[in-house]
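Notes to accompany the following structure.
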Amino acid sequence: MSILFQAKTSENSRSSWTGEIRTLQIDHEPFEVEVSARGSYFHLLIGSHAYGNYICIPNWDVGTELAQLSDFFWNQERLRSTKLKKTDACSVAYALLELSKYINL
């Protein structure tokens, strides 16, 4: 399944872009999707553990804690604290927000 989403760097930003989520495994954990936006590609593994939720992006050597998928602000801040660029962190956070409509974590 392919899902399109809109992303932008800030709420007041006039600049926005379209991203695409390609689902690989959304029936059970770990959830696995591919996200592409603004020329970047992310392979996401998303799941839960004893103390919360996590995301791993192996092709970017990134892993961090997550809030609920719908908590855009918190997830974006966590992703921005990694080596992802601001626009890439925004793309992934908006993809997670869109995924919250399809998976329950």
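Where a number appears in this text, it was derived from the coordinates with a stated rule and is not lab data. Quantities reported herein were computed from a predicted structural model and do not represent experimental measurements. When we count neighbours, we look across all protein chains shown, and the Cβ atoms used for this are built from the backbone with ideal geometry, even at glycine.
Counting Lys +1, Arg +1, Asp -1, Glu -1, what net charge surrounds Ile103 among other residues with beta carbon under 11 Å of its beta carbon? Cβ neighbours under 11 Å give a net charge of -3.
Just want to confirm a number: the relative contact order over the chain, from Cα pairs under 8 angstrom separated by 6+ residues, in percent.
Values: 194 pairs, mean separation 22.7, N = 105.
Contact order relative to length: 22 percent.
Close amide-amide hydrogen proximity is noted between Gln68 and no other residue 5 or more places distant or on a separate chain, at a cut-off under 5 Å (H modeled in the peptide plane; Pro and chain starts excluded). Rounded to the nearest 500, the helix-only mean residue ellipticity at 222 nm of the chain stands at -6500 deg cm²/dmol, with each DSSP H run of n ≥ 4 adding -39,500 (n - 2.57).
Each Lys or Arg adds one and each Asp or Glu subtracts one; over the other residues with Cβ under 15 Å from the Cβ of Ser2, this totals -2.
The shape of region 24-105 comes out rounded: with a ≥ b ≥ c from the C-alpha gyration tensor, a/c is under 1.5.
Net charge in the neighbourhood of Leu44 (other residues with Cβ under 10 Å of its Cβ; Lys, Arg +1, Asp, Glu -1) is -2.
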